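The values are calculated or read from the model by the stated rules, or taken from the named source; none is laboratory data. What you see is a predicted model; the values in this text were computed from it and never measured. Using ideal geometry, Cβ is built from the backbone for each residue, glycine included, and neighbour counts are taken over all protein chains shown. These area figures cover heavy atoms from the full protein model, side chains too; ligands, DNA and RNA do not enter into them. Shrake-Rupley method; radii C 1.70, N 1.55, O 1.52, S 1.80 Å.
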Amino acid sequence: MSEATLTNLLEYLYGTLTPSNQLWLAEHLIANAKGEEVPVKPYTMDELNAMLDAAEADIEAGRTSSHEDVMREWDEEIARMEREEHEMAKAV
């Protein structure tokens, strides 16, 4: 993967993940790169119920995206990343 693509992914993750999500992801990426396994902590029933409650509240408030919107945004992002990668390759 090109540095431009990785930078775009990193910027996307910065804007998407909470600090605790970033730490979790970093720990798992480092362990995987080192060939180690990180045990996954199971969720408690309280945590699962809280996530379900939050999701239901988002649905009630209309804070959702259709499958079509998500796929369109994903396709646009991939096309943008491919254009940038192509432009970077031409510059080198």
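With 0.36 nm allotted per residue and the present C-alpha distance subtracted, the ALA50-LEU29 stretch has 4.9 nm of extension available.
Using only Cα atoms, tell me the angle between helix 3-16 and the longest principal axis of the chain; keep it within 0 to 90° and round to the nearest 10. Around 20 degrees separate the two axes. Overall, the accessible surface of the chain at a probe of 1.4 angstrom is composed of carbon and sulfur to the extent of 59 percent.
What 222 nm value per residue comes from the helices of the chain, counting each DSSP H run with n ≥ 4 as -39,500 (n - 2.57) and dividing by all residues, nearest 500 deg cm²/dmol?
Details: 4 runs with 70 residues, N = 92.
Helices in the chain give a 222 nm mean residue ellipticity of -25500 deg cm²/dmol.
Simple point charges give the picture: +1 on the Cβ of Lys and Arg, -1 on the Cβ of Asp and Glu, and for the chain a dipole about the Cα centre of about 320 debye. Between ILE59 and GLU84, what FRET efficiency comes out of the Förster formula 1/(1 + (r/R0)^6) with R0 = 30 Å and r the beta carbon distance, rounded to 0.05? Computed FRET efficiency for GLU84 and ILE59: 0.30. Note on the range 1-84: Cα-only Rg and Dmax are 16.7, 44 Å.
Taking every pair of alpha-carbon atoms in the range 1-49, give the share separated by more than 13 Å as a whole percent. Above the 13 Å cut-off, the range 1-49 has 70 percent of its Cα pairs.
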